[in-house]
Amino acid sequence: MISFSFLDVVIILLFFVSILFIGFYTGRKTGTDANDYLLSGRKLSLFLFVAVNVSTWYGGILGVGEFTYRYGLVSWFTQGFPYYIFAFLFALFFAKKIREASLFTIPDKLSEVYGKNVGLIAAIIVFVLVSPAPYLLMTGNLLSLIFKIDLLPALCISLLLSLIYLIRGGFRSNVYVDVFQFFVMFTGFILIVIFSGVKFGTVDFLCSSVPENHLNITGGMSPTFLIVWFLIALWTFADPGFHQRCYAAKSGSIAKWGIIISIFFWALFDFLTTTTGLFAKGVLPNLDNPVLAFPFFAEQVLPEGIKGIFYAALFATIISTQVSFLFLSGTTIGRDFVYRLSKDDTESNLKNYTIIGLIISGIIAILLAYFIPSVIEIWYTIGSLFIPGIILPVVSAYYPKLKIDRIFILAEMIVAFLSSTIWYYLKSEFASTPFLNEIEPMLVGLIFEILIHLTGLFVRK
């Protein structure tokens, strides 16, 4: 049973008041200019870049807790390590190129290189991938848990907490709220690791209390399982958030080094979350609902007040990503749909178009979160079907030697989506076939994408 003292609730409410104050206060100078509203004037400093980049990376914090509780260190090996590798490669080979392009979105670049139709298809893919629905659902569930309210009003409150200051302050408000949440999330998890170590001990306790496989870096998982997760990390190259922040950086160097420095903070936060998940497994070995491993463990180890700070850290970790995805989603509607299809396509209208996009995106996210009340199901479905169609088009847009004819790019994006979707529904038919039942839909989509792209390169030569 999870309970909250008056002090805990006050601390959590102060956290929400703080993000609203920061969002409104820092957004008061945001103008109507597209560069200012969408990218904070393209003046993001190294500190701001790193804080935003780190804080928006961990929205699925309850999923991290569940994964670590169930499988141990393999959580870090699949959810952390491969992303360090691809983020480092992104910093070396893409960050400066993206900043020099001085565009607004991924579909902007694909439209520039491959034409309007490719840009519109890319916009559909990006819009789905940056849906804030999973994060809205997690925030709503936590609000429901703490304040004893139904899920639908909790989802509406969660959306309003993000929407009202984004409408006014745009990306600038997004940035400064995320900086505050960066410090809150680290504070909360540092505290729970310290209290856990003091109360239960450290390495010796974990070695004697958790299953042996939990301390094995591969967790006894099959090579296919590990390879698929590494392939999923390829998504880093087409991450709209990475592109947005590179466009917003003061310079290409800040974009490059901002990502590299972020890797060190990701590694630190991964250490904190993985350690907390292992402690939760050791102390509470038989949880019926591992998705709440962190909240149930906090109930065991944290005193009054400190528990409130930890819950604020959980909210900060989720909401930082929720707000970022909501703004990216709203920008995609405003910039890549309404602006491109409007007869009045002057950039001065982009702010209004984006505000419309924020509202539409928020409503769609609430509907998705309410009718598909499973974070893992939303992630799995969206990732499996839509990620394969965007990776190679983005990479080739920045490297002319990999560029192919737009007909092949269109085919690549459509076939990758269709093949992933078809296998997503057919996979269950092969449940008793050892090899086929381990092939993930995303892997099928990637194979077709690579084959079509190689064909396009061959034809070009």
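The values are calculated or read from the model by the stated rules, or taken from the named source; none is laboratory data. No experiment lies behind these values; they were computed from the predicted model shown. Note: ideal-geometry Cβ built from the backbone for every residue, glycine included; neighbour counts use all protein chains shown. All accessible areas refer to the heavy atoms of the entire protein, side chains included, with ligands and DNA or RNA removed. Shrake-Rupley method; radii C 1.70, N 1.55, O 1.52, S 1.80 Å.
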For the chain, accessible area per residue (1.4 Å probe, heavy atoms of protein chains only), Å²: 40 Å²
Of the options P132, L39, F147, report the single residue whose Cα projects farthest towards the positive end of the charge dipole of region 1-154 (beta-carbon charges: Lys, Arg +1; Asp, Glu -1). L39
By how many nm would the segment from I447 to K29 grow when fully extended, if each residue of separation counts as 0.36 nm and the alpha-carbon distance is taken off? 145.7 nm
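With a 10 Å radius around each residue's Cβ, average the other Cβ atoms per peptide and rank 213-219, 249-255, highest first.
Packing order, densest peptide first, comes out as 249-255, 213-219.
Which shape class applies to region 344-461: rounded if a/c is under 1.5, otherwise prolate when a/b exceeds b/c and oblate if not, where a ≥ b ≥ c are the square roots of the Cα gyration tensor eigenvalues?
Numbers: a/c = 3.31, a/b = 1.10, b/c = 3.02.
It is oblate, given that a/c is not under 1.5 and a/b is not larger than b/c.
How high is the relative contact order of the chain, in percent, with contacts defined as C-alpha pairs under 8 Å that are six or more residues apart?
30 percent
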Along each principal axis of its Cα atoms, how long is region 12-70 end to end? Whole angstroms, biggest number first, please. 48, 27, 19
If packing is taken as the average count of other Cβ atoms within 10 Å, what order do 350-362, 393-405, 133-145 fall into, highest mean first? 133-145, 350-362, 393-405
Taking 8 Å as the Cα distance limit and 6 or more residues as the minimum spacing, I'd like the relative contact order of region 91-155 as a percentage. 18 percent
For the chain, calculated [θ]222 nm from helices alone, where every DSSP H run of n ≥ 4 adds -39500 (n - 2.57): -24000 deg cm²/dmol
Using alpha carbons only, how many angstrom separate the centre of region 369-428 from the centre of region 285-343? 24 Å
Per the 1.4 Å probe, what fraction of the accessible area of the chain, in percent, lies on carbon and sulfur atoms? 69 percent
Given a Förster distance of 25 Å, report the FRET efficiency between Y380 and I359 from their Cβ-Cβ distance, rounded to the nearest 0.05. 0.35
So who's got an amide H within less than 5 Å of the one on A249, skipping anything under 5 residues away but keeping other chains? H placed 1.01 Å off N, in plane. L44
Based on Cβ point charges of +1 for Lys and Arg and -1 for Asp and Glu, what charge dipole magnitude is obtained for region 86-156 about its Cα centre, in debye rounded to the nearest 20? 160 debye
Between the alpha-carbon centers of region 119-172 and region 44-99, tell me the distance in whole angstrom. 20 Å
Can you compute the charge dipole magnitude of region 381-456 about its Cα centre, using +1 on each Lys and Arg Cβ and -1 on each Asp and Glu Cβ, nothing else charged? Give it in debye, rounded to the nearest 20. 260 debye
Which one, L446, A397, S420, projects farthest toward the positive side of the charge dipole computed for region 373-450 from Cβ point charges (K/R +1, D/E -1)? A397
Please compute the contact order of region 63-197 in relative form: average sequence separation of alpha-carbon pairs under 8 Å and at least six residues apart, divided by the residue count, as a percent. 9 percent
In what order, largest first, do W57, W266, W257 sit by accessible area if the probe radius is 1.4 Å? W257, W57, W266
Mind putting a number on the dipole of the chain about its Cα centre? Charges go on the C-beta only, +1 for Lys and Arg and -1 for Asp and Glu, and I need it in Debye to the nearest 20. 1400 debye
So what's Rg/Rh here for region 7-146, counting alpha carbon atoms and using the Kirkwood radius for Rh? 1.00
